[in-house]
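Asker: The structure is given below, and queries will be raised subsequently.
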Amino acid sequence: MQAEAAAPTPASTPGGPPSLPTTPPKRQRRPNPRIAQAMRTWYFLRRNTLAMVGLGILLVLIALALYALTLPLSYSNLTPYCASSQSTPNSFPTTGPSTGTTVDVNFPNQLGGLTDGTYGFVVETSADYTPSPTQGTIRVDGAAVQVNVTFTAGGPGPVPVHFASSTPPGTGSVYAVTFVESGLAAGTPWSVSLNATSPSVCTPGFVSVCTYPGGSSSVGSSCYVTPAGDPSVIAPTAAWSPLGVGPLPLGSLTVNPGSPYFYNIWDGITRGADWSLLISASIVGSGALLGLLVGAIAGEFGGYVDEALMRLVDIFLSIPQLLLVIVVVATLTFAYPTIFGLPPLDSRILLLIFAFAVTWWPFYARIVRGQVLVVREQKFVEAARASGAGRGRIILRHVVPNSVFPVLVQMSLDVGTIPLFIGTLVFLGFGIFPTLYFPEWGSLSALSVGGGGTDTLTTFLTSCQLAAEGYGACVIPWWQLLFPGLTLFFYALSVNFLSDGLRDALDPRLRR
Amino acid sequence: MQMWVYVVRRLVLLAPVLIGVMTITFVVLNALPVPQRLAEAFGAPPPNNPGEYAPTIPCVNDTAKQCPNPVYVRDVARLGLDKPVPYQWGVYAVRIFTFQWGSVGLGSTVGEEFGATAGKPVTEVLGWFLPYTLELAGLSLVIIVAVSLPLGNLAAVNRNRPVDQAARVMSFSGFAFPAFLLSSFVLMGAVIAVGVSTHYFARTPWCPTGEVTYSEFHGSWPQCVLPPTNPSWLVGGFISHPTGFPTVDAVIHHQYWLALDTVLRMILPALIIAFGSIAVLLRFVRNSMLEVMNLDFVRTARAGGVPESVVVKRHAGRNSLNATVTVLGLTFAFFISGFPVIEYVFGLNGIGYLLALSVVNSKGQIDFGIVFGSTLLFTYIVVGANLIVDVLYAYLDPRVRLS
């Protein structure tokens, strides 16, 4: 150490690796060696193409998570959409028999009744008559509705259609809507059109239903026109829009093929960025903290403490990780539906983090202990001890900072595996999140092939097997299988590249 | 130290690990409410009597009142749940080490999927499903070693060249691509492109001319609806399975095409498992090879004019192999986690499938007997594998057992 310090400072050539800290001039505070090491690591990391690619992908995903934070959306559940296989407004023209007296046009006959909501209507007849009212809105609200239409002779004929916009339906009960005609000559045809929500497709109770805005024959923001046969399968649409509403840039996610409900994959991936990064960071962080503590204690105290703690680590490491997670999650979520009086979502996620941290700390404990055993023999620790530093100070000021980099490598590796683990759990049918449609990458990609008790893949495969026999069409929504999985894959891959580059950059033996 | 002394020492050191693993599952088990702990030990109640383990039931003479449930009281006493925790631990330890690992629930998904398992002891059921898993694990391990040893050496020799980068990307891709997606894609490809049935990988349709039914479980084989003339090796409509290992059984019955068929169908699932966990071994082989290549004796050999291929093969390769053996155990512990998903997707009759079925929570009934039983079994397999690896390492490198 002394001889090294006396040696002349190796001048760092411009563009070359920053030199390791050497003895600074006197009366100057010694620069933090960790900063110099970080700069050195960065120098070597920058020259590793794969690590840089990984870092780039990771930064993009983090940007996505930050972008999602600014969106005013529900974070606990994906927004469901409803599909319609009709391409024109759901109008139900009814031609009344022209008797010249009061005639009922009963909409129950056409629609099976109308659910609660507001509907626009328009009345049409030949040019010889003017209906009154010609158009308007009716509100179905818990009772049958009757509209009296009076025709007067002479007039402009059919009026331009200006529908009022509809409101989402409410209770699900249906009520009759009757148009009563008067003043029309016998034999004159007339008709009433309603622009309705499409209750025959979209069941009430969902957040969004298909609506047709006034005056247009194009569907509303939360309704999607789908190919006939499989209403829930929507290919990626070219038009871009922010989350939640509008076109689906990455297509639809359906877990129940054939039903009209589906989810926006782009919405899920963006909001999943938040949850995935948050959950994996907190799991790895708490696991690393626990492991740091155990490892530091084991290495510093040695003897029986070390022996006991390391045997515990061995025991934990011999249990396959996924199985330990399964056992702990299954047991805890069963035993404690809620904890600390928190809402189900918060309790579940806290339990999840706890269960994962329980399985993750031994790796860190082992790394930190090894590092402690190396560091404690170093001269500077000896010097600190000689100048009267206590155990706690030595651990906190010397041992822990020197184990930060190996722990960081392991952390960056583990951060990528956690969404994979969560996806596996969801795929196996665990209800680890309070809702099935939780925006999390692992959960999304598991649901895309069938998780949580659903069997999406089998349904698609069955449709293709039937298609081969000549029944129906073989529908494989590649976007649904591809995009969530690709996100997960790129995330895990990028952190793997990054941690591999970090390891190479930190290990001088492999750098030669 | 003699070899056998070393083995005995390692065996003695095994005891604390076995007890420790059991204690961890005991601690986790303790978090469950009492009825679920009873269900874990004695099987989940049948669907027609979900309240079998309720603490109180309506009294016989006055149904308006609640009386203690005699079944509950009896079984709580059997597990010692009315006693202090150390006593409960003792009861649990005795249960585990006498192979009373609980029972399969009558109303659980496992019991429904495999009717023969309902109400049976967990150890017996696990014994039925274990052979297939072991065969699959063995095949995957062979693939992993066969790929990662040469590829790791190649990557180390061509460090930071395209070969190394390609190996790195491949191994990390396997690590980063979720197994459930990959296996689903493979199954999809097989079904759509090749046109096989979704049951293709699961069970060999080995019946000579008859039909196959998939309703019952018979030692990894399907039941066979047989033509009138039964081959001698078919007993009562299904193959007799003296060992339970499908390939071995087929060979015993001299059905060699059947054994080959079984192995061929296992290859794709085994490849997926291997792809997912090749990274651990491949990276380790590469790094240990790099370290050895920098050692003095390698430089000496090179300086002495030994051809590079011989240096790589004889000098560096042999010496890096020793260290590689130690991670085999780690690899094993890692890739065994992939079994529930792979066996679930392909419908393979192994313990992973059993575990995957046992946690399906659609009816709110997790089969805790299977969950804890298979976790213990997998862990003990890993512990055993580590023991074998250690002994192997001591055999390869005498310094280990001499120190």
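The values are calculated or read from the model by the stated rules, or taken from the named source; none is laboratory data. Nothing here was measured: the structure is a model prediction, and the numbers come from that model. Here Cβ is always computed from backbone atoms with ideal geometry, including for glycine, and neighbour counts include all displayed protein chains. Side chains are part of the model used for accessible areas, which takes the heavy atoms of the whole protein and leaves out ligands, DNA and RNA. Shrake-Rupley method; radii C 1.70, N 1.55, O 1.52, S 1.80 Å.
Asker: Just to be sure I understand, how many residues within the stretch A:369-399 are in a helix (DSSP H, G or I) and open to solvent by 40 Å² or more (accessible area, probe 1.4 Å)?
Answerer: Qualifying residue count for the region: 16.
Asker: Considering only the stretch B:188-198, state which residues are assigned to a helix (DSSP H, G or I) and either facing chain A (nearest Cβ under 7 Å) or surrounded by fewer than 18 Cβ atoms within 10 Å (Cβ to Cβ) (or both).
Answerer: B:M188, B:G189, B:V191, B:I192, B:A193, B:V194
Asker: Does B:D75 satisfy the condition of being more than 14 Å from chain A (Cβ to nearest Cβ), among the acidic types (D, E) and assigned to a loop (DSSP other than H, G, I, E, B)?
Answerer: No; evaluated as a whole, the condition is false for this residue.
Asker: What helices (runs of 4 or more DSSP H) completely inside the stretch A:256-368 contain at least 2 residues that are open to solvent by less than 10 Å² (accessible area, probe 1.4 Å) and within 30 Å of A:S232 (Cα to Cα)?
Answerer: Those helices (runs of 4 or more DSSP H) span A:265-301.
Asker: Which of the helices (runs of 4 or more DSSP H) found entirely inside the stretch A:433-512 contain at least 3 residues meeting this: in contact (Cβ under 8 Å) with a residue 60 or more places away in the chain and either surrounded by 24 or more Cβ atoms within 10 Å (Cβ to Cβ) or assigned by TED's automatic domain parsing to the domain that holds A:L69 (or both)?
Answerer: A:441-449, A:456-468, A:478-506
Asker: Testing A:T424 on (1) open to solvent by less than 10 Å² (accessible area, probe 1.4 Å); (2) within 11 Å of chain B (Cβ to nearest Cβ), one condition comes back false. Which one is that?
Answerer: The one condition A:T424 does not meet is (1).
Asker: Does A:T417 fit the bill of being open to solvent by 40 Å² or more (accessible area, probe 1.4 Å), in a helix (DSSP H, G or I) and within 11 Å of chain B (Cβ to nearest Cβ)?
Answerer: no
Asker: While we're looking at this one, here's another question. Of all helices (runs of 4 or more DSSP H) completely enclosed by the stretch B:266-361, which ones contain at least 3 residues that are at pLDDT 85 or above and open to solvent by 10 Å² or more (accessible area, probe 1.4 Å)?
Answerer: B:296-303
Asker: Okay, moving on. Which of the residues spanning the stretch B:138-159 are of a type in the set (A, V, I, L, M) and surrounded by 22 or more Cβ atoms within 10 Å (Cβ to Cβ)?
Answerer: B:I144, B:A155, B:A156 - these are the residues of the stretch B:138-159 that are of a type in the set (A, V, I, L, M) and surrounded by 22 or more Cβ atoms within 10 Å (Cβ to Cβ).
Asker: Has the stretch B:160-182 got any residue that is surrounded by fewer than 21 Cβ atoms within 10 Å (Cβ to Cβ) and at pLDDT below 85?
Answerer: Yes, some residue in the stretch B:160-182 is surrounded by fewer than 21 Cβ atoms within 10 Å (Cβ to Cβ) and at pLDDT below 85.
Asker: Working only within the stretch B:105-129, note down all residues that are under 19 Å from the mean Cα position of the chain (by Cα) and under 12 Å from B:L355 (Cβ atoms).
Answerer: Those that are under 19 Å from the mean Cα position of the chain (by Cα) and under 12 Å from B:L355 (Cβ atoms): B:V110, B:V122, B:V125, B:L126, B:F129.
Asker: Restricting to the stretch B:290-307, name every residue that is within 12 Å of chain A (Cβ to nearest Cβ) and not charged (D, E, K, R).
Answerer: B:L290, B:V292, B:M293, B:N294, B:L295
Asker: Name the one entry in B:L11, B:L32 that is assigned to a loop (DSSP other than H, G, I, E, B) and either open to solvent by 60 Å² or more (accessible area, probe 1.4 Å) or within 27 Å of A:V313 (Cα to Cα) (or both).
Answerer: Testing whether each residue is assigned to a loop (DSSP other than H, G, I, E, B) and either open to solvent by 60 Å² or more (accessible area, probe 1.4 Å) or within 27 Å of A:V313 (Cα to Cα) (or both) leaves just B:L32.
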